[in-house]
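Beneath this line is the structure, given in structure tokens, with notes to follow.
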Amino acid sequence: MILLELIWAFFQVGLFSIGGGYAALPQIQNIVVEKLGWLTPLEFADVLTISQMTPGPIALNAATFVGTKIAGLPGAFAATLGCVLPSIIIVLALAFFYSRYRNLKGVKGVLNGLRPAVVAMISVASLAVLLLALFSDAPPTMPLTAENIIAFVMVAVGFLVLRIFKPDPIFIIAAGGGVGVLAYYLVK
């Protein structure tokens, strides 16, 4: 019975957490701490910490950790399944309708309108991350410091290397970390 409760609890999270993993966190807390009492607030804080430290979507990691705490490995599978099941159903339904109706002018019009909107959303998020990476304050005051110059050069070189040579992005991340450590010791 607890496995079905885990599936249902995280099915609701997966279905109604529009906006990504962080948007799901208040809903997860409401269900597992306040409604069902599966975790204390302190335990939930620990789950969030662990979920942020591990690779993967935070809501999915949280579901897996909560499921493990409540019912062991079967609970982990149940909570994870509940969390991803709504996405699987929605994506399969969209894929079916897209493959069936993709040639309709209305569908083409919707997709043509969505593409620039998605690019705009990604661009705004990318610009915010870029400004934080370069200036590490919000709103950016754009002081000309050694750290900002190094950050700008790293962004430019990383961009060029990715565009020209197309290496594995892990290489860029590792190189950026190495240059960051070196720059820290040279500048400080």
Report, by residue number, each residue of region 5-64 that is more than 18 Å from residue 80 (Cβ to Cβ) and touching a Pro at 6+ places or on another chain (Cβ under 7 Å). 33
Residues being part of a helix (DSSP H, G or I) and modelled with pLDDT of 90 or more - total across region 155-170: 10
Hey, can you tell me all the residues within region 4-29 that are in contact with a helix residue (DSSP H, G or I) (Cβ under 6 Å, 6 or more places away or on another chain), over 18 Å from residue 88 (Cβ atoms) and not polar (S, T, N, Q)? 28
Could you say whether any residue in region 94-104 is in contact (Cβ under 8 Å) with a residue 12 or more places away in the chain and among the hydrophobic types (A, V, I, L, M, F, W, C)? no
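For (1) of a type in the set (A, V, I, L, M); (2) under 23 Å from the mean Cα position of the chain (by Cα), each residue gets a yes or a no:
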| position | (1), (2) |
| --- | --- |
| 71 | yes, no |
| 81 | yes, yes |
| 92 | yes, yes |
| 98 | no, no |
| 105 | no, no |
| 114 | yes, yes |
| 119 | yes, yes |
| 129 | yes, yes |
What do you reckon, is residue 84 within 30 Å of residue 125 (Cβ to Cβ) and assigned by TED's automatic domain parsing to the domain that holds residue 125? no
Just name the residue that is farthest from the chain's Cα centre (by Cα) out of those in region 1-20 that are farther than 20 Å from residue 73 by Cα and surrounded by fewer than 19 Cβ atoms within 10 Å (Cβ to Cβ). 12
Only listed residue being touching a Gly at 6+ places or on another chain (Cβ under 7 Å), touching a residue at least 60 places away in the same chain (Cβ under 8 Å), hydroxyl-bearing (Ser, Thr, Tyr) and not in a loop (DSSP other than H, G, I, E, B), chosen from 68, 80: 80
Tell me whether region 108-118 contains one or more residues that are touching a helix residue (DSSP H, G or I) at 6+ places or on another chain (Cβ under 9 Å) and of a type in the set (D, E, K, R). no
Any idea how many residues of region 21-57 are in a loop (DSSP other than H, G, I, E, B), surrounded by 12 or more Cβ atoms within 10 Å (Cβ to Cβ) and more than 22 Å from the chain's Cα centre (by Cα)? 3
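The values are calculated or read from the model by the stated rules, or taken from the named source; none is laboratory data. Because the structure is a prediction, the values reported are computed rather than measured. All Cβ positions, glycine included, derive from the backbone under ideal geometry; neighbour counts span all protein chains shown.
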